[in-house]
Amino acid sequence: MIGKSKPMQDLYLMLDKIHQSESTVLIQGENGTGKELIARAIHYNSSRKDAEFVTVNCSAFNENLLDSELFGHVKGSFTGAVKDKKGLFEAAHKGTLLLDEIGDMSLTMQVKLLRVIQEGTLIPVGGTDPLKVDVRVLAATNKDLKEMTESGEFREDLYYRVNVINLTVPPLRDRKEDIPLLLDF
């Protein structure tokens, strides 16, 4: 992350305060502001730094594929499921999972995600036995999730679960003094 402007200094200060927390973090900002860099900084400065940092773009998958990606599946649970597959939550066990573009997740997937965040358990697609996972969840979006909860597009209970710590990444137009630093880089 590059920047010496006041908005970036405020962000760095907040990162210093939260890096040892286990709370979920909602990282908001426009496209191209470095939300994933912020998530990586949180992970690699935390007690989970020696475990996996896993990222998934929630808008890149349809609902069924995202379900399988996040929670895994068991052999025979659907056409093409020729073997058991570990999901990203299981892959991130003891580490950090970044749910990028969480605002694009369907309401059905939001319910499943809420269960994992609340209880730390998941059931793979086609499975019956719950799996226990220990994952710090970070969420990123360029959408206004608060507005989406008011319009019914995003679950309010999930919003409050992912928005325990809120970080807003300032756009470059609000930190013009950082442009020379970025150019030199």
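Other residues lying with their Cβ under 13 Å from the Cβ of residue 90 contribute a combined charge of -1, Lys and Arg counting +1, Asp and Glu -1.
Expressed to the nearest 5 percent, the antiparallel share of DSSP beta bridges inside region 34-155 is 20 percent. About its Cα centre, the dipole of the chain is roughly 420 debye, where the only charges are +1 on Lys and Arg Cβ and -1 on Asp and Glu Cβ. In plain terms, the bigger the Kirkwood radius, the slower the diffusion; for region 1-130, with that radius from Cα pairs, at 4 °C and 1.567 mPa s, Stokes-Einstein puts D at 80 µm²/s. Across 74, 82, 133, 111, the residue with the most accessible area heads the list, and the full order at a 1.4 Å probe is 82, 111, 74, 133. Solvent-accessible area assigned to carbon and sulfur over region 1-120 amounts to 50 percent, based on a 1.4 Å probe. Which of the chymotrypsin sites (Phe, Trp or Tyr not before Pro) across region 1-94 are loop residues per DSSP, with 15 or fewer other Cβ within 10 Å? Sparse-neighbourhood loop chymotrypsin sites (Phe, Trp or Tyr not before Pro): 78. When you filter the trypsin sites (Lys or Arg not before Pro) in region 8-86 for DSSP loop state and at most 15 other Cβ atoms inside 10 Å of their Cβ, you are left with 49, 75, 83, 86. For the chain, the solvent-accessible area works out to 53 Å² per residue, with a probe of 1.4 Å and every protein chain left in place. Across region 1-145, C-alpha contacts under 8 Å between residues 6 or more apart give a mean separation that, scaled by the residue count, equals a relative contact order of 30 percent. Our note on the geometry: Cα centres of region 43-80 and region 15-40, 19 Å apart.
To the nearest 10, the accessible area of residue 93 is 80 Å² with a 1.4 Å probe. Annotation for region 131-185: GluC sites (Glu not before Pro) lying in DSSP loop with at most 16 further Cβ atoms inside 10 Å of their Cβ are 153. Only helices enter this figure: runs of n ≥ 4 DSSP H residues, each worth -39500 (n - 2.57), summed and divided by the residues of the chain, yield -10000 deg cm²/dmol at 222 nm to the nearest 500.
The values are calculated or read from the model by the stated rules, or taken from the named source; none is laboratory data. None of the values given here were measured: they were computed from a predicted structure. Reconstructed Cβ throughout: ideal geometry from the backbone, glycine too, with neighbour counts over all protein chains shown. Heads up: the accessible areas ignore ligands, DNA and RNA and are worked out on the full protein's heavy atoms, side chains in. Shrake-Rupley method; radii C 1.70, N 1.55, O 1.52, S 1.80 Å.
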